[in-house]
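The structure appears below as C-alpha cells.
The values are calculated or read from the model by the stated rules, or taken from the named source; none is laboratory data. Quick caveat, the model's predicted, so the values are computed rather than measured. FYI the Cβ positions are ideal-geometry reconstructions off the backbone, even for glycines, and counts take in every protein chain you see.
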Amino acid sequence: MKKIIATLALVCMASLVWAATTPKEEVSERLNTAASVMQAVMGAPDKGIPDEVMKGAKCVAVVPHLLKAGFVFGGQHGKGVATCRTTTGWSAPAFFTITGGSWGAQIGGESVDLVMLFMTDQGAKHLIDSKFKIGADASAAAGPIGRQASADTSWKADTEILTYSRAKGLFAGITLNGAWVRPDEDSTTGFYRRSLTQDQILLGKVPAPAGARTFLASVQGAKSQAATR
C-alpha cells in the first residue's frame, strides 16, 4: 500500500510539473512560429510589407494561425506576441489575445497569419496600456502591399495600425475592425514565471529571456533589411 501511495504521489508530482511547463512550451512555440512569419514577410520579393512601412513601425505584433470562421456571422480568435521599439532596441515580448466578430457572407473557416504594425505613438500606447478595440479605440487599415509604398500615401494619414494577413504563402491587407486586443496573462505568467503588465514589458523594463531571441532577431532583421534596401 505504501508503494502504491508513493507511486501515485510521484505521478501527481510529475503531472504538476508537466502542467507547469506546458504553457511555456506553447508560448515558446508561438514565438518561434511568429519569427518564421516575420522571416517570410520580409522574404517575399515583391508582395510583402513595404520597406518604408516597416522602418516606421513603433511596435510589431504577430498572430500565427489567426482563426477566421463562420457562416454569415464570422469571427476571429488568436494568440499573438508583440514587441515595441525602446531607446535600447526592441523590448521583451508581450503576449496578447485577439477576438472579435465580423459581418459578411462568410462560409467555412480559414487560418491566417496576422501581422500588425503600430505606426503612431497613440497606437503603440493602446497596445502598451491595456485592452482596446480596433476601429473604435484605435484606427486600423489594411496595409499597402509591395516593397515601395511611396506611390500609396493613404496609409500615412494618421492610421494607427496597419494590418496584414498571410495565407497559403500569399500576403494581403486585412480588415479587423471590431476585434478586441487584450493582454494574455496566462501566457505572460507561463513564459516569465511571474505576473507582469504590458507596460513593464513593452517599455523595456523587463530583460528579454533567452527564449525570445529568435523572435526579436526576426523583427530586428526585418527592420535591418528594410533599412538597407
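Structure summary
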| quantity | calculated |
| --- | --- |
| Residue that is modelled with pLDDT of 95 or more and out of contact with any Cys (no Cβ under 9 Å at 6 or more places or on another chain), where the choices are 153, 197, 159 | 197 |
| Residue 187 vs. criteria within 18 Å of residue 55 (Cβ to Cβ) and either in contact with an Asp or Glu (Cβ under 7 Å, 6 or more places away or on another chain) or modelled with pLDDT of 90 or more (or both) | no |
